[in-house]
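**Q** First the structure, which I've put down as structure tokens, then a few questions once you've had a look.
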Amino acid sequence: MLSSLKKKMTIRSRDRILGGFTALNSSTISQKRYKHFFLGVLITSAIIVFSLPFINFSSNETKTFHKIDLNLIANLPKVKLKANNEETSPTDTKCTHWDCFNIYRCGHTGHERIAVYVYPLARYVDENGASATPQVSKEYYDLINAIVNSKYYTANPEEACLFIPFIDTLNEDQLNVNLTWRALNQLPMWSNGENHLIFNMISGKSPILSTQLGKALVAGADFDTYTIRKKYDISIPVFSPVAKFAYINNTSHFRNIKVVSSQINIDLYFMDELRNLNKKFNDQILLLDQCNEKGYQKRCEVNTENQFRYPQILKKSTFCLVFRGQRMGQFVLLEAMASNCLPVIIMDGHVMPFEDIIDWKRIAIFIMESHLHTLMDVVNGISENKIEEMKKCLLAIYDRYFSSIEKIALNSLEIIQDRVFPHLARSYDELNMLPSEINYNPLHFPTTAPRSLGFTALILTYDRIQSLFTLIQRLSKVPSLMKIVVVWNNQKKDPPPMSQFPKIQKSINVIKTKANKLSNRFYPYKEIETEAVLHIDDDIVMLTSDEVEFAYEVWREFPDRIVGFPSRTHLWDNVTNSWKYESEWLNEISMVLTGAAFLHKYWSYLYTYSLPSNVKNWVDDNMNCEDIAMNFLVANMTNKPPIKVTPRKKFKCPECINNEMLSADIGHMVARSQCVDRFAKIFGRMPLKSVEFRADPVLFKDAFPEKLKRFNDIGSL
């Protein structure tokens, strides 16, 4: 029995051991299976990821799209129009880019660029065989050809962002308006004109078509300020096929005529005014009209009937008059521009071509219709240097935007591209300036300067000790201040010992100059270790730490500009024929005084070593205008205006007596005006740029709790 019990125990022990081995083997097998499973999932995922670029997820995988063939234009397939059972869709006069343009159609191509679809070639006819449009004009053919061969074109309508009908609507007088509207309404993607672009250069005598386009965008040449939908429609010029005969590709062409009026059939009021001017300024005005022998490329002088070739005669004139006619858009505008003749626009309310992107004041003169009698006073008041500068700009603008129908078409698309992708939009400088005028940030700084670097406060002082100490104490509270450099400009008196200076946590360096010169403010001292320098006078004690810190934040965004507080502007004085310094509080500014302004230390280096010596010597000899000189220097290098921050109007020294302040002299303003005029002559141009702009903090005047505002202690008027 004992042996039997031992046997049973042995068997049970063996079973436990075998069971343990069995469990162990099962666990191991299970782990191997999981391992193989996850390995398989990983391999499968990798295969899918690497296959993605080769998989076509489009529902149109069986569809093929072909680029339209413009060679078939001579034999257009006919498309019969459906019966007109639908009501007309009036143009939505309140359309803006944000509520009528479906931006969600854009961006389906995988790149940040609008995709433009041109409808297939077709000739639309009604049930009687009448055509909606005449034979396609050469201008419309060239326009479509430019778009089809551009980077924006797509043959796939389902990925398109913008749609252009192959319906020649350039000249509304040649259209069957009713049939044209029916043809547009029959387009498969029309949808009340959404995201469709219609080109029209000559509107009809009764422009019915343009009133029945729903939400369609119109690129038209006959807009005034009442009819255009701003930032939605696009103003284009009337293209002149004869403008090429007047083209000049240089600005040095000899011109012996001051003003020419070559436009035919102008209003009788304009003609009477021109006749009166012609009597008074006969040697400066050439007054032309249509010859008895009609022909567009001939003009005859009103008084003598002398005949001239047109538009070649425009090449001999400095200024060309452009009047409002039966329509706003006039051929003479591009003809004048091609001949490098400065346009004088006499059309009240006209929207100039590509006005959204072109600064027309750089290349044209504008005179109100009722002020036509002042024409010669205006043009004779423009200096030769200004005329030459305008002609250079005019040549560049014409070549860039208007020299061909192709450029007109593509620039229209570029405007829409800038609206759809504003973060990629072209800047004012790129759109308007000559390559020689564009000076990119010479500091090679990133877009925003690092905050961590902080700034150095450079204080120019003479002997106002108490005011200096007050200023140092106030500046010490500014978070981004790194160091204070005091430039002691008094050789007759030593600066106070450091033991008397305010005890602050930032380092203070005192530099004693060898001569009392205002240019000492801008010397590139080795003690300045930061990129940003706050140049500040010792009497500017009214700024708060929030105001100074905010100005530094603005400078970080614009490290190549002068950013500061007190601002001034410059004006042209027609009485003295000279530039004038203006200190009145106006909407425009062109200078920020360096008595309280942030600059990059690079400008101090240029001021010391590159500023014309006759400018710097004038500043030091007259103890005035160093801030004007610095504004000239920076504007000349960057072609950009300064930036004013916060709306504080008055900059006084409460602790100072007026006769201690440099600017208190009675003749101060006269001397400042002399500086502006003198510096403009030395620089050879007026580099200062006027701007209506001021930087204020976000939530500056909003009724929000102070804890939500970063800058609370900002001065007010």
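**Q** Could you give the dipole magnitude of the stretch 110-150 about its Cα centre, charging the beta-carbon of Lys and Arg +1 and that of Asp and Glu -1, in debye to the nearest 20?
**A** In debye, rounded to 20, the stretch 110-150 gives about 120.
**Q** Does the stretch 70-220 come out rounded, prolate or oblate by the C-alpha gyration tensor, with a ≥ b ≥ c the root eigenvalues, rounded set by a/c under 1.5 and, if not, prolate when a/b is larger than b/c and oblate if not?
**A** Because a/c hits 1.5 or more and a/b fails to exceed b/c, the stretch 70-220 counts as oblate.
**Q** Given 25 °C and 0.890 mPa s, how large is the Stokes-Einstein diffusion coefficient of the stretch 499-562 in µm²/s, with Rh as the Kirkwood radius over Cα pairs?
**A** 171
**Q** Name the residues of the stretch 499-533 whose amide N is less than 20 Å from a point 7 angstrom out from the Cα of residue 557 along the C-beta direction?
**A** Of the residues in the stretch 499-533, 532-533 have backbone N under 20 Å from the label point off residue 557.
**Q** Considering Cα pairs under 8 angstrom that are at least six residues apart, work out the relative contact order of the stretch 345-425 and quote it in whole percent.
**A** Computed over the stretch 345-425, the figure is 26 percent.
**Q** Right, another one. Using 7 Å Cα-to-Cβ label points, what is the residue 149/residue 671 separation (nm, one decimal)?
**A** In this crude label model, residue 149 to residue 671 measures out at 6.5 nm.
**Q** Something else now. Averaging sequence separations of C-alpha pairs under 8 Å and six or more residues apart, then dividing by the length of the stretch 290-388, give the relative contact order as a whole percent.
**A** The value is 18 percent.
**Q** Here is a further query. Counting other C-beta atoms within 10 Å, which of 632, 598, 308 has the fewest, and how do the rest follow?
**A** 308, 632, 598
**Q** Still on this model: Separation between the residue 425 and residue 103 pseudo-spin-labels, each 7 Å from Cα along Cα→Cβ, expressed in nm?
**A** The answer from the label model is 1.0 nm.
**Q** Something else: Calculate, for residue 499 and residue 463, the FRET efficiency according to 1/(1 + (r/R0)^6) with r their C-beta to C-beta distance and R0 25 Å; round to the nearest 0.05.
**A** So, using R0 = 25 Å, E works out to roughly 0.85.
**Q** Ok, one more. Between residue 297 and residue 112, 0.36 nm times their residue separation minus their Cα-Cα distance comes to what?
**A** 62.1 nm
**Q** Fully extended, how many nm does the chain gain between residue 138 and residue 230 (0.36 nm per residue separation, minus their Cα-Cα distance)?
**A** Taking 0.36 nm per residue and subtracting the Cα distance, the gain is 30.2 nm.
**Q** Can you give me the relative contact order of the stretch 70-220 as a percent, contacts being Cα pairs under 8 Å and 6 or more apart?
**A** It rounds to 29 percent for the stretch 70-220.
**Q** Need one number: convex hull volume per residue for the stretch 243-402, Cα atoms only, in Å³.
**A** So the per-residue hull volume is 109 Å³.
**Q** Mind giving me the nanometre distance, one decimal, between the label points for residue 491 and residue 526, set 7 Å out from Cα along Cα→Cβ?
**A** 2.2
**Q** Could I ask something else about it? On a full-extension model of 0.36 nm per residue, what is the gain between residue 258 and residue 283, subtracting their alpha-carbon distance, rounded to one decimal in nm?
**A** Result: 8.2 nm gained on full extension.
**Q** Using the count of nearby Cβ atoms within 10 Å as a rough guide to exposure, how do 150, 339, 403, 45 rank from fewest to most?
**A** 45, 150, 403, 339
FYI, it's all coordinate maths here, none of it is from the lab. Keep in mind that this is a model prediction, so the values were computed, not measured. Glycine gets a Cβ as well: all are built from the backbone with ideal geometry, and neighbour counts include every protein chain shown.
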